Amino acid sequence: MARKPYSLVDKLRSPPRERGRISTTSLGIRQRPWGKQAAAIRDPRKGSREWLGTFDTAEEAARAYDGAARRIRGNKAKVNFPKEMVPSVSQKCPSGPLQQLF
């Protein structure tokens with residue numbers, strides 16, 4: 001059976017959507033039909049999907065994904081906000097009142 005030639009109509013058609021990704025381009029999140037954003041990540045060590053939650057905005061969901069990705073994959077993680085600074089251990093624990101006493 002002969003294939004029909006490629007036409008202008010074929011160029012104008014949009015490609016099929018990926019399943020679960022409706023209106024977002026962020027990693028690890030998808031929009032629910034009622035408008036909320038759901039976030040999940042796959043943990044390669046466990047071989048399972050880790051549910052991160054449902055969020056009101058895409059940014060909240062993307063930040064939740066980024067935190068989980070950095071925790072699971074470390075510095076090699078592909079994240080939604082790559083230029084964002086991640087606090088190191090020393091920045092997370094500022095000097096408290098007990099350290100000032102000694």
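The values are calculated or read from the model by the stated rules, or taken from the named source; none is laboratory data. All of these numbers come straight from a predicted model, not from anything done at the bench. All Cβ positions, even for glycine, are placed from backbone atoms using ideal geometry, and neighbour counts span all protein chains on display.
Filtered by the rule that a residue be of a type in the set (D, E, K, R) and loosely packed, with under 15 Cβ neighbours inside 10 Å, segment 26-35 gives a lone residue, 32. Restricting attention to segment 22-56 and to residues that are among the polar types (S, T, N, Q) and at pLDDT below 95, the residue that is nearest to residue 80 (Cα to Cα) turns out to be 26.
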